[in-house]
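Peer 1: Before we start, here is the structure in question, set down as structure tokens.
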């Protein structure tokens, strides 16, 4: 039940999120800097969901959990605060496996 609620909530957030952080019709996620990520405001949740999906596709792991999203968010925040000139792709590559 909790997993269903979490997924439903995430889907609703993605559908209702304003697109102010993404001014263009298309955004090359590989070019987003950590500084831009940290300043993305309302779009940070959308970006984290994209990051989770990208990483899940690479690892062939289709599981999603509150614990994982918190760990991912913490890593991205800490890494990007220390490395604002790096890209979010570099931040993802630096994510500890466990």
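Peer 1: Before we move on, is residue 1 modelled with pLDDT under 95 and either surrounded by 15 or more Cβ atoms within 10 Å (Cβ to Cβ) or touching a helix residue (DSSP H, G or I) at 6+ places or on another chain (Cβ under 9 Å) (or both)?
Peer 2: Against the criterion (modelled with pLDDT under 95 and either surrounded by 15 or more Cβ atoms within 10 Å (Cβ to Cβ) or touching a helix residue (DSSP H, G or I) at 6+ places or on another chain (Cβ under 9 Å) (or both)), residue 1 does not qualify.
Peer 1: Another one. Taking only the range 70-89 into account, find how many residues are closer than 19 Å to residue 39 by Cα and without any contact (Cβ under 8 Å) to a residue 24 or more places away in the chain.
Peer 2: As a first pass, look at the range 70-89 and keep what is closer than 19 Å to residue 39 by Cα: 70, 72-89.
Within this subset, residues satisfying the condition of being without any contact (Cβ under 8 Å) to a residue 24 or more places away in the chain are 70, 74-75, 78, 82.
Counting residues in the range 70-89 that are closer than 19 Å to residue 39 by Cα and without any contact (Cβ under 8 Å) to a residue 24 or more places away in the chain gives 5.
Peer 1: Under 8 Å between Cβ atoms, which residue pairs at least 6 apart in sequence (or on different chains) link something in the range 17-45 that is farther than 13 Å from residue 77 by Cβ with a partner that is in a loop (DSSP other than H, G, I, E, B) and at pLDDT 85 or above?
Peer 2: Note: pairs meeting the criteria are 21/40; 33/84; 33/85; 33/86.
Peer 1: Take residue 67 and tell me if it is more than 22 Å from residue 43 (Cβ to Cβ) and in a helix (DSSP H, G or I).
Peer 2: Against the criterion (more than 22 Å from residue 43 (Cβ to Cβ) and in a helix (DSSP H, G or I)), residue 67 qualifies.
Peer 1: For the range 79-98, which residues satisfy the criterion of being assigned to a helix (DSSP H, G or I), within 15 Å of residue 40 (Cα to Cα) and more than 11 Å from the chain's Cα centre (by Cα)?
Peer 2: Within the range 79-98, 80, 81 qualify.
The values are calculated or read from the model by the stated rules, or taken from the named source; none is laboratory data. Quantities reported herein were computed from a predicted structural model and do not represent experimental measurements. Glycine also receives a Cβ, built like all others from the backbone with ideal geometry; neighbour counts cover every protein chain displayed.
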